[in-house]
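First the structure, in the form of structure tokens, and then the observations on it.
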Amino acid sequence: MFFRHSNEMWSGFPELVAGVLSVQGVASTVDVEDRVAGYHAIATERLARGPESEMAEIQAWRRGFSKMGLKPTQYRCASEALLRRFRQDGALPRLHPLVDLCNAISIAFAIPVAVFDLSKISGDLEVRYARGNESYQTFSGEIEHPDAGEVIFADAAGHAHARRWTNRQSGLSAVRDDTRSVLIVAEALHESAGNDVAKLIDAIASELTAIWSIEAKRDLLSPSSPRFDLSSAMNLQLRQKQD
């Protein structure tokens, strides 16, 4: 079981930097408020210097969305949408401790971070162009079908776990209270993405150790090393279920 970006994605977006973590043992009964507040403070400082639309990280994603044929002010990457909401409301909704933490880190770095429940993913997960026959489940349970050519996170069963690349995740693999195994993906397109994504992944890994006392498997992906092995986390989950 692997996570990867297709060759076409690497060819079309050679500036892409992707950081990935997988971990087993997540629980929803932890307190992350102080740590979330720390990252929110960083985001507040950045927004005090200018709106999210002026951040290099967001501008790069806007260019990427335009390249995909999308109007960037209609379809925003996840980090821009979160920053916009945070700027307007002064807070973000609380969903799950891990999701809340990753959302906070996302706005601190202005980089989209996706968190998937690995038990809901069938086989390999690939960021690729849709063929038009995939299914996407909204958070309200409705089924949509991405248009051919749209960038999606697709598994082997044809489920789209995210639409328009970093715009919107699926309700099917959303993290919930009973989630134990997760895949975390951070992607960036800006000039200093290599350093920034590495720092972001380190920050998440450190928080996982400090809060949940678990070690994450992690890596930075590139055209020469595009695959991330998810088998170890899933095998551990299966063994624990059997026990």
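The values are calculated or read from the model by the stated rules, or taken from the named source; none is laboratory data. All figures in this text were calculated on a predicted structure; none of them were measured in a lab. Cβ atoms come from the backbone with ideal geometry, glycine included; neighbour counts cover every protein chain shown.
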Subject >> Top-ranked residue in region 47-80 [being surrounded by 15 or more Cβ atoms within 10 Å (Cβ to Cβ) and free of Cβ contacts under 8 Å to residues at least 60 places away in the same chain; ranked as nearest to residue 177 (Cα to Cα)] >> reply: 80
**OP:** Among the numbered conditions (1) over 24 Å from residue 145 (Cα atoms); (2) surrounded by 15 or more Cβ atoms within 10 Å (Cβ to Cβ); (3) touching a strand residue (DSSP E or B) at 6+ places or on another chain (Cβ under 6 Å), tell me where residue 211 comes up short.
**Re:** (3)
Original post:
Restricting the first residue to region 153-172 and requiring it to be farther than 24 Å from residue 66 by Cβ and without any contact (Cβ under 8 Å) to a residue 40 or more places away in the chain, which pairs with a second residue that is in a loop (DSSP other than H, G, I, E, B) and among the hydroxyl-bearing types (Ser, Thr, Tyr) meet a Cβ separation below 7 Å and a spacing of at least six or different chains?
Top reply: 155/122; 156/122; 157/122; 159/122; 171/138
**OP:** Go over the candidates 210, 160, 233 one by one and state the one that is of a type in the set (Gly, Ala, Ser), outside any loop (DSSP other than H, G, I, E, B) and modelled with pLDDT under 95.
**Re:** 233
Subject >> Positions within region 170-200 being polar (S, T, N, Q) and crowded, with 21+ Cβ neighbours inside 10 Å, in sequence order >> reply: 170, 173, 179, 181
Original post:
In region 25-63, what residues are under 16 Å from residue 200 (Cβ atoms) and outside any helix (DSSP H, G or I)?
Top reply: 55
Subject >> Pair list, Cβ under 9 Å, 6 or more apart: region 1-26 residue within 17 Å of residue 184 (Cβ to Cβ), other residue assigned to a loop (DSSP other than H, G, I, E, B) and among the charged types (D, E, K, R) >> reply: 1/124; 2/124; 3/124; 4/124; 23/215; 24/180; 25/180; 26/180
Subject >> Residues of region 126-165 that turn out to be in contact with a Pro (Cβ under 9 Å, 6 or more places away or on another chain) and loosely packed, with under 12 Cβ neighbours inside 10 Å, as a count >> reply: 1
Original post:
Out of all the residues in region 214-228, which are over 18 Å from residue 113 (Cβ atoms) and either touching a His at 6+ places or on another chain (Cβ under 6 Å) or surrounded by 15 or more Cβ atoms within 10 Å (Cβ to Cβ) (or both)?
Top reply: 226
Subject >> Residue that is of a type in the set (A, V, I, L, M), within 29 Å of residue 207 (Cβ to Cβ), at pLDDT 95 or above and in contact with a Ser or Thr (Cβ under 8 Å, 6 or more places away or on another chain), where the choices are 115, 127, 99 >> reply: 127
